[in-house]
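Peer 1: Provided herewith is a single structure, encoded as structure tokens, for subsequent inquiry.
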Amino acid sequence: MNLFALAGNERVKEQLSQQEKGRGLSHAYIISGPAGSGRHTLARLLGSAMLCTGQGEKPCGICVSCQKAAKGIHPDMTLISGSEPGKPIAVDQVRALRADAYIRPNEGERKVYLLEDADQMNPSAQNAMLKLLEEGPAYAVFLIIAGNAGGLLQTVRSRCEETALIPAGETEETDWERRKLAEKLAAALERASEPELLETAMALDAKRGREELSALLDLLEEELALRAARDGDRRRLMRAVELVRKLRGAAKLNVNGGQLSGWLCAGMFDAPR
Ligand SMILES: [Zn+2]
């Protein structure tokens, strides 16, 4: 899918693209995140992708449908917001939406509704959505935009897929990278592959701060425990967990990533067994 217009949020883009290629996009998404995280951009991109009539990656950005969507004049893409600024979508607006949803699309195969600040809707307005989310017409798509998905009723949430955005440039990429690194380290430890471990551990570059290192070691311990709980090499994994715990203590002191990686390798391969 062509989601490059959304800044950052690589993981979300990757997941949605995979989903589109695999089982296909869902009929209802909750797109949550703080202001500036690209909620509206993503909602428009998703909606456009569903209405796009171009070839190749969607939204193509050049077909008539994409152009209308970009200008906000696509008859099958409707943005619903409160009747005045700062006011949430009211229950009678949801009822009107419900009536509209049963009228077949004008041009495309689908009808896309973007709901603005949906977490501000009161419970009766949210409840009015439920039936539509559950058994609305197959062509209807609901893109529910929220500052905080926690403000939505559980019954609404359980009927939608959730996509949480983070403002570009904030910590998501590091979190994601950190988890990947923890997974790689755990895999190397489990496979008892010294070269692999050395190589991965080198990524623990000396610039990583103390908090970063502690967070990484927490993830590593979690990952090792997960592997041990599955049917990994338990003895080896538990030994690694023990070692990681010791290192975590050391990480609170003033050590750098290079030292830690050395200790990790030494602890796993050199110590008497
Ligand atoms: Zn298109």
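The values are calculated or read from the model by the stated rules, or taken from the named source; none is laboratory data. Source: prediction; values computed, not measured. Cβ sites come from the backbone with ideal geometry, for glycine too, and all protein chains shown count toward neighbours.
Peer 1: Would you check if there is a residue in the stretch 35-48 being without any contact (Cβ under 8 Å) to a residue 60 or more places away in the chain and either of a type in the set (D, E) or farther than 18 Å from I80 by Cα (or both)? Lay out the reasoning, then the answer.
Peer 2: Applying the first criterion (without any contact (Cβ under 8 Å) to a residue 60 or more places away in the chain) to the stretch 35-48 yields 41, 45, 48.
Restricting the remaining residues to those that are either of a type in the set (D, E) or farther than 18 Å from I80 by Cα (or both) gives none.
No - not one qualifying residue is present in the stretch 35-48.
Peer 1: From (1) out of contact with any Pro (no Cβ under 9 Å at 6 or more places or on another chain); (2) modelled with pLDDT of 95 or more, pick out the condition that doesn't hold for S48.
Peer 2: Result: S48 fails condition (1) only.
Peer 1: Look through the stretch 22-56, keep the residues that are near the ligand (Cβ under 10 Å from one of its atoms) and polar (S, T, N, Q), and return whichever of them is nearest to L152 (Cα to Cα). Give the steps one after another, and end with the answer.
Peer 2: First, pick out the residues of the stretch 22-56 that are near the ligand (Cβ under 10 Å from one of its atoms): 48-49, 51-56.
Among the residues that remain, those that are also polar (S, T, N, Q) are: 48, 53, 55.
Working: S48: 25, T53: 33, Q55: 36 Å.
So the residue we want is S48.
Peer 1: With the requirement that a residue be of a type in the set (S, T, Y) and either within 12 Å of the ligand (Cβ to nearest atom) or touching a Lys or Arg at 6+ places or on another chain (Cβ under 8 Å) (or both), what does the stretch 57-107 give you? Write out each step before concluding.
Peer 2: Our first condition is that a residue be of a type in the set (S, T, Y); within the stretch 57-107, this holds for 65, 78, 81, 83, 102.
Within the stretch 57-107, S65, T78 qualify.
Peer 1: Could you please tell me which pairs satisfy a Cβ distance under 6 Å, a separation of 6+ or placement on different chains, a first residue in the stretch 188-209 that is within 17 Å of R178 (Cα to Cα), and a second residue that is outside any helix (DSSP H, G or I) and at pLDDT 65 or above?
Peer 2: Partner pairs satisfying both residue conditions: A206/N256.
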